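The values are calculated or read from the model by the stated rules, or taken from the named source; none is laboratory data. Computed from a prediction, not measured in an experiment: that's the story for all the values here. Cβ: placed from backbone, ideal geometry, glycine included. Neighbour counts: every protein chain shown. Keep in mind that these areas ignore ligands, DNA and RNA; they rest on the heavy atoms of the full protein, side chains included. Shrake-Rupley method; radii C 1.70, N 1.55, O 1.52, S 1.80 Å.
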Amino acid sequence: MSRHSTVKPHCQNSDNARQRGTARDALLITANEAAAMLTVCTKTLQRITSKKLIPVVRLGASVRYRPADVIAYIDRLAAESVDQHKEAS
């Protein structure tokens, strides 16, 4: 066997899932994918998560997010923004 033999990536299944569809199509997404949906860095997502503003799913030591929960958080922010705008008018 050559030194350059093909090695399968550790998380090959998750890579394949990403190739099949977008993060919104997945049942669970990673912190990086959730942060991308929110257009924030992962540190900001960690702060949001620690305040329990978005629920998480724990798989052992891994933390995952449901895309629907991320979208619901965005919807809540948008609704609050509209309410604040109406109050200011």
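Table for the structure above
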read-out: Contour excess over end-to-end distance, with Cα ends at Ala36 and Glu87 and 0.36 nm allotted per residue; value: 15.3 nm
read-out: Formal net charge of residues neighbouring Val56 (Cβ-Cβ distance under 10 Å; K, R +1; D, E -1); value: +3
read-out: Shape of the stretch 22-77, Cα gyration tensor, a/c cut at 1.5; value: rounded
read-out: Solvent exposure of the stretch 29-89 as accessible area per residue, Å², 1.4 Å probe; value: 68 Å²
read-out: Relative packing of 25-37, 41-53, which averages over residues the other C-beta atoms within 10 Å, highest first; value: 25-37, 41-53
read-out: Estimated inter-spin distance, Leu53 and Ala79, nm [label 7 Å along Cα→Cβ]; value: 1.5 nm
